[in-house]
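**Q** Pasting in a structure now, in structure tokens, and then I'll have a few things to ask.
The values are calculated or read from the model by the stated rules, or taken from the named source; none is laboratory data. Nothing here was measured: the structure is a model prediction, and the numbers come from that model. Positions of Cβ are generated from backbone atoms using ideal geometry, with glycine treated the same way; all protein chains shown enter the neighbour counts. Surface accessibility is based on the protein's heavy atoms, side chains included, excluding ligands, DNA and RNA. Shrake-Rupley method; radii C 1.70, N 1.55, O 1.52, S 1.80 Å.
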Amino acid sequence: MKESQALRNSYSADLNFFGAQNPHDLIRDFGSPLYVYNENILRARCRDMKGLSGEAGFKVCYSTKANGNPHLLRIIREEGLIADAMSPGEVALLERAGFKKEQICYVCNNVSSEELALAYAKADHVSVDSVAQIECFGRVNPGGKIMARVNPGIGAGHSSKVVTAGKNTKFGVTPEDFGAMRVALKKYDLKLIGLNQHVGSLFMDPLPYLEAARWLLETAAEFPGLELIDFGGGFGIPYRKYKGEQRLDLADFRSRFDVLLDNFRRRHAFTGKFIIEPGRYVAAECSILLGTTLAVKNNGPVRYVGTDLGFTVLARPMIYDSFHDVEVYPALPGPRPLLRQTIVGNICETGDVLAKDRKLPELAEGDIVGILDAGAYGHSMSSNYNQRLRPAEVLIGADGGCRLVRRRDCLEDLLRVYPDQSR
Ligand code: LLP
């Protein structure tokens, strides 16, 4: 019994994830639910990505959509990563974190001419992903430099909703449109400075990514004078840590990737930059989301553990059926039997299920649960649905101390967008 319980928080314990704090103190001090980040892990993941190529001119461009907290972005910048933004809001967060224009790449999709003008003013380069958007860019920035996102026809991802290349996606200029793309570039005297792609999110088998990278390099050879070749993100992390899921073999990836890059550089006398755009790999593992058990009940054979972790706090399980490992930090010591339990939230929808049918120590009111690998697409996808307040975020620093890096929403945050009705 003791052993099974230890198993449910051994991951965070082994890493000393919470530093000088424990989950109960954190919830007492900052409220529940709570996103807790660990600086050392974030820095280590940035370094992993920077080590993915030995090529001069290799750049890691963090994808801000995974997590846009400016306190984390600042650490990511300190580690030497540049960043991609896909909205004016993301640019604002990057600027808040100290990123300069030359460190920001704008990779957008279906945006207005006003946004393209702003992006051109604020970012080092702008990538658009259709002939129509090249035309739109040309109208507002004639004679400008532009990058185009292409569709290699090969997709990869953990869910069909995040496969972003191939036939079933809105993304990228397909080779059939390259002729029209050249015409649009010429019409507005635009200089094509780069090509980018993103085949999808979360691969653990690197082959499709490498195959797509090979395709992109072949395609790049058809467009002489490029300065940037961006292969996109998608690097996966092991979400099933308690089942012993292996990490991506980065050394193996690097050896194959560098052969491709090196051959291209030599064959085409390429002097530009090779870019990758990871979001999840950088941000996911540095966060454990804490929530509180508030009510437990049985419905037939199913034991429902009711918590404050609705899909407004972590949307991934609801949207993609994503799996996150769960740890248990009991309120009271003592042995607990292992039971099959389903952890649910406080939102008025039946789909509000965080973790289905998991074998965990018997949960009771007051116990805290920790949802692992919540740092990417966690808080950044949280919402105010049901007029719930989005949670606070705290950072465990390299010294083990802890500080608030985002306060919890308050009711005033919800109300202030509505014009006053009293007049
Ligand atoms: N570059 C572009 C153009 C992207 O669209 C994305 C992610 C990335 C880079 C970063 O991909 P990553 O390395 O994080 O896989 N909400 C989903 C993931 C959506 C990914 C969207 N695009 C999830 O929670 O799994």
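**Q** Which one of these is under 30 Å from VAL259 (Cβ atoms) and not assigned by TED's automatic domain parsing to the domain that holds ASP308: GLY89, GLY68, GLY98, GLY54?
**A** Working: GLY89 fails: under 30 Å from VAL259 (Cβ atoms); GLY68 fails: under 30 Å from VAL259 (Cβ atoms); GLY98 fails: under 30 Å from VAL259 (Cβ atoms).
Testing whether each residue is under 30 Å from VAL259 (Cβ atoms) and not assigned by TED's automatic domain parsing to the domain that holds ASP308 leaves just GLY54.
**Q** Name the one entry in GLU327, GLU349 that is assigned by TED's automatic domain parsing to the domain that holds PHE30, under 30 Å from LEU72 (Cβ atoms), assigned to a strand (DSSP E or B) and in contact with a Phe, Trp or Tyr (Cβ under 8 Å, 6 or more places away or on another chain). Full working, then the answer.
**A** On the way: GLU349 fails: assigned to a strand (DSSP E or B).
The unique qualifying residue is GLU327.
The rows are residues; the columns are (1) within 12 Å of the ligand (Cβ to nearest atom); (2) open to solvent by less than 50 Å² (accessible area, probe 1.4 Å); (3) free of Cβ contacts under 8 Å to residues at least 60 places away in the same chain.
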{"site": "CYS286", "(1), (2), (3)": "no, yes, no"}
{"site": "LEU294", "(1), (2), (3)": "no, no, no"}
{"site": "ARG303", "(1), (2), (3)": "no, yes, yes"}
{"site": "ASP308", "(1), (2), (3)": "no, yes, no"}
{"site": "ALA315", "(1), (2), (3)": "yes, yes, no"}
{"site": "ILE319", "(1), (2), (3)": "yes, no, no"}
{"site": "SER322", "(1), (2), (3)": "yes, yes, no"}
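**Q** Quick check on the range 184-208: of everything there that is part of a helix (DSSP H, G or I) and touching a helix residue (DSSP H, G or I) at 6+ places or on another chain (Cβ under 8 Å), which residue is nearest to VAL131 (Cα to Cα)?
**A** Result: ALA184.
**Q** Name the residue, out of LEU404, LEU339, that is part of a strand (DSSP E or B), in contact with a Phe, Trp or Tyr (Cβ under 7 Å, 6 or more places away or on another chain) and open to solvent by 20 Å² or more (accessible area, probe 1.4 Å). Talk me through it step by step, then tell me what you get.
**A** Numbers: LEU339 fails: in contact with a Phe, Trp or Tyr (Cβ under 7 Å, 6 or more places away or on another chain).
One residue alone meets the criteria, LEU404.
**Q** So which pairs qualify, if the first residue must be in the range 327-351 and over 24 Å from ASP373 (Cα atoms), the second must be open to solvent by 50 Å² or more (accessible area, probe 1.4 Å), the Cβ gap must be under 6 Å, and the two must be at least 6 apart or on different chains?
**A** Note: pairs meeting the criteria are PRO335/MET1; ARG336/GLU362; PRO337/GLU362.
**Q** Look at the range 379-392 and say how many of its residues are buried (at least 24 other Cβ atoms within 10 Å of the Cβ) and over 23 Å from PRO238 (Cα atoms).
**A** Of the residues in the range 379-392, the ones buried (at least 24 other Cβ atoms within 10 Å of the Cβ) are 379, 391.
From what's left, over 23 Å from PRO238 (Cα atoms): 391.
Residues that pass the stated criteria total 1.
**Q** Same structure, new question: I'd like the full set of residues that are hydroxyl-bearing (Ser, Thr, Tyr) and in a loop (DSSP other than H, G, I, E, B), limited to the range 158-172.
**A** Here is the first cut: in the range 158-172, the residues hydroxyl-bearing (Ser, Thr, Tyr) are 159-160, 164, 169.
Hits for the range 158-172 are SER159, THR164, THR169.
**Q** Name the one entry in PHE264, PHE257, PHE223 that is in a loop (DSSP other than H, G, I, E, B) and away from the ligand (no atom under 13 Å from the Cβ). First the steps, then the outcome.
**A** Numbers: PHE264 fails: in a loop (DSSP other than H, G, I, E, B); PHE257 fails: in a loop (DSSP other than H, G, I, E, B).
Just a single option satisfies the conditions, and that option is PHE223.
**Q** Sticking with this structure for a sec: I'm checking my understanding of the structure. Among residues of the range 46-84 that are outside any helix (DSSP H, G or I) and of a type in the set (A, V, I, L, M, F, W, C), which one is most open to solvent (accessible area, probe 1.4 Å)? If you could, list the steps in order and put the result at the bottom.
**A** To start, the set of residues in the range 46-84 that are outside any helix (DSSP H, G or I) comprises 51-63, 67-69, 79-84.
Adding the requirement that they be of a type in the set (A, V, I, L, M, F, W, C) leaves 52, 56, 58, 60-61, 81-83.
Values: LEU52: 1, ALA56: 78, PHE58: 29, VAL60: 7, CYS61: 0, LEU81: 2, ILE82: 23, ALA83: 0 Å².
Result: ALA56.
**Q** Can ILE41 be described as under 24 Å from ASP409 (Cβ atoms), touching a residue at least 12 places away in the same chain (Cβ under 8 Å) and of a type in the set (Val, Ile, Thr)? Walk me through how you get there before you give the answer.
**A** Numbers: under 24 Å from ASP409 (Cβ atoms): no; touching a residue at least 12 places away in the same chain (Cβ under 8 Å): yes; of a type in the set (Val, Ile, Thr): yes.
So ILE41 fails the test.
**Q** Take the conditions within 16 Å of the ligand (Cβ to nearest atom), open to solvent by less than 10 Å² (accessible area, probe 1.4 Å) and in contact with a strand residue (DSSP E or B) (Cβ under 6 Å, 6 or more places away or on another chain) and apply them to ALA376. Does it pass?
**A** The answer is no for ALA376.
**Q** From the list GLY310, GLY334, GLY306, pick out the single residue that is assigned to a strand (DSSP E or B) and small (Gly, Ala, Ser). Write out each step before concluding.
**A** Working: GLY310 fails: assigned to a strand (DSSP E or B); GLY334 fails: assigned to a strand (DSSP E or B).
The conditions single out GLY306.
**Q** While we're looking at this one, here's another question. So, PHE257, is that one aromatic (Phe, Trp, Tyr), open to solvent by less than 40 Å² (accessible area, probe 1.4 Å) and out of contact with any Ser or Thr (no Cβ under 8 Å at 6 or more places or on another chain) or not? Give the derivation first.
**A** On the way: aromatic (Phe, Trp, Tyr): yes; open to solvent by less than 40 Å² (accessible area, probe 1.4 Å): yes; out of contact with any Ser or Thr (no Cβ under 8 Å at 6 or more places or on another chain): no.
So PHE257 does not fit the description; no.
**Q** Which of the residues that make up the range 96-132 are without any contact (Cβ under 8 Å) to a residue 24 or more places away in the chain, crowded, with 17+ Cβ neighbours inside 10 Å and assigned to a helix (DSSP H, G or I)?
**A** Across the range 96-132, there are no qualifying residues.
**Q** So, GLY51, is that one touching a residue at least 60 places away in the same chain (Cβ under 8 Å) and touching an Asp or Glu at 6+ places or on another chain (Cβ under 9 Å) or not?
**A** Values: touching a residue at least 60 places away in the same chain (Cβ under 8 Å): yes; touching an Asp or Glu at 6+ places or on another chain (Cβ under 9 Å): no.
Against the criterion (touching a residue at least 60 places away in the same chain (Cβ under 8 Å) and touching an Asp or Glu at 6+ places or on another chain (Cβ under 9 Å)), GLY51 does not qualify.
**Q** So which residues in the range 139-162 are out of contact with any Ser or Thr (no Cβ under 7 Å at 6 or more places or on another chain), touching a residue at least 24 places away in the same chain (Cβ under 8 Å) and surrounded by fewer than 22 Cβ atoms within 10 Å (Cβ to Cβ), if there are any at all? Walk me through it before giving the result.
**A** Initially, the range 139-162 is screened for residues out of contact with any Ser or Thr (no Cβ under 7 Å at 6 or more places or on another chain), giving 141-146, 152-154, 156, 159-161.
Then drop every residue that is not touching a residue at least 24 places away in the same chain (Cβ under 8 Å), which leaves 141-146, 152-154, 156, 159, 161.
Listed by number, the residues that qualify are ASN141, PRO142, GLY143, GLY144, LYS145, GLY153, ILE154, SER159, LYS161.
**Q** Do you know which residues across the range 226-244 are part of a loop (DSSP other than H, G, I, E, B) and within 16 Å of the ligand (Cβ to nearest atom)?
**A** Of the range 226-244, the ones part of a loop (DSSP other than H, G, I, E, B) are 226-227, 231-234, 236-240, 244.
Scanning the range 226-244 gives PHE231, GLY232, GLY233, GLY234, GLY236, ILE237, PRO238, TYR239, ARG240.
**Q** Moving to a separate point now. Between VAL344, VAL394, which is closer than 27 Å to HIS158 by Cα and either touching a Phe, Trp or Tyr at 6+ places or on another chain (Cβ under 8 Å) or at pLDDT below 95 (or both)?
**A** Values: VAL394 fails: closer than 27 Å to HIS158 by Cα.
Criteria check complete, one pass: VAL344.
**Q** Can you go through LYS170, LYS161, LYS145 and tell me which one is under 19 Å from the mean Cα position of the chain (by Cα), closer than 25 Å to GLY279 by Cβ and of a type in the set (Lys, Arg)? Before you say what the answer is, go through the steps one by one.
**A** Details: LYS170 fails: under 19 Å from the mean Cα position of the chain (by Cα); LYS145 fails: under 19 Å from the mean Cα position of the chain (by Cα).
It is LYS161.
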